[in-house]
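Below is one structure, written out as structure tokens, with a few remarks after it.
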Amino acid sequence: MAIPNSNMPGHKRVHQRAVGALETCQESQGVDFKESAAWEVLKWKVIKTVLGMGNLRDGGIIIVGVSERGKSWKLEGISPADLETYDVDVVSDQIHSYISPHAKIDIVTVEHINGKPFLVIQVEEFSETPLVCKKNGPEGLAEGTIFIRPPGMAKTTKVINASQMQDLLELATEKRARRLLEVSKRVGLVPKESASELFDKELEGI
């Protein structure tokens, strides 16, 4: 399936995030730039980055078409030839073949004010369980490995210490507590008007 444009319905959030990232032209914990290249060239780096961003609160975006020149970035856009190598279904299937559980991603093209197109992959944070690499591959991909985007750093790394694992588990615990409260509201175990207050108390005890 062809890559949709971010101006199409349903892609407002990724459009806003991408435009903001291109305007600041700066990588961050939640923004990763890649130089224009075919999917087969970038595939392994993208999969690794998706694994890390999926374990980040609020997720992140990968933008293809930004080149690093010394200490600055140049908004060159993705070339037509490279863009033709990206297919939504193929990219999504190959990404998910290395990730468990399923990651929520949105793949679009974004038109910059300079008239150049950029390919953008938005990665949502995991829904309940942190993302884990489920098989071996290039770029350090290894079965059972958990990747993260460390605070204040624009790179993807493995979880290497207890502090990093604790941060990830706290996010997962928060999500699980929120889900339990939502279920309790639906079945009438928790009064709807007090759900928010009870959730705050639940978090205090975590």
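The values are calculated or read from the model by the stated rules, or taken from the named source; none is laboratory data. Every value quoted in this text rests on a predicted model; they were computed, and no experiment measured them. Cβ coordinates were reconstructed from backbone atoms using ideal geometry, including for glycine residues, and neighbour counts include every protein chain displayed.
Tell me, yes or no, whether segment 132-139 has at least one residue that is under 15 Å from the mean Cα position of the chain (by Cα) and either assigned by TED's automatic domain parsing to the domain that holds Asp87 or surrounded by fewer than 13 Cβ atoms within 10 Å (Cβ to Cβ) (or both). Yes, the conditions are met somewhere in segment 132-139. Report, by residue number, each residue of segment 163-180 that is over 17 Å from Ile146 (Cβ atoms) and either among the small types (Gly, Ala, Ser) or in contact with a helix residue (DSSP H, G or I) (Cβ under 7 Å, 6 or more places away or on another chain) (or both). Correct list: Glu174, Ala177, Arg178. Under the condition of being farther than 23 Å from Gly115 by Cα, crowded, with 19+ Cβ neighbours inside 10 Å and not assigned by TED's automatic domain parsing to the domain that holds Ile105, the residues counted in segment 1-30 number 0. Each residue in segment 106-126 was checked for being closer than 17 Å to Lys34 by Cβ and assigned to a strand (DSSP E or B), and 12 of them qualify. If you check Glu139 against the conditions, is it closer than 20 Å to Lys34 by Cα, acidic (Asp, Glu) and in a loop (DSSP other than H, G, I, E, B)? Spelling it out, Glu139 is indeed closer than 20 Å to Lys34 by Cα, acidic (Asp, Glu) and in a loop (DSSP other than H, G, I, E, B).
Contact map, segment 15-38: residues that are closer than 13 Å to Glu111 by Cα and in a strand (DSSP E or B) paired with residues that are at pLDDT 95 or above and basic (Lys, Arg), Cβ distance under 7 Å, separation 6+ or inter-chain. No pairs are found. Inside segment 74-105, residues that are farther than 15 Å from Val19 by Cα and part of a strand (DSSP E or B) make up a count of 3. Looking across segment 31-51, the residues that are closer than 14 Å to Glu125 by Cα and either outside the structural domain of Ala21 (by TED's automatic domain parsing) or crowded, with 23+ Cβ neighbours inside 10 Å (or both) come down to Thr49, Val50, Leu51.
Conditions (1) more than 17 Å from the chain's Cα centre (by Cα); (2) within 26 Å of Gly140 (Cβ to Cβ), marked per residue:
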{"position": "Lys45", "(1), (2)": "no, yes"}
{"position": "Glu68", "(1), (2)": "yes, yes"}
{"position": "Trp73", "(1), (2)": "yes, yes"}
{"position": "Thr109", "(1), (2)": "no, no"}
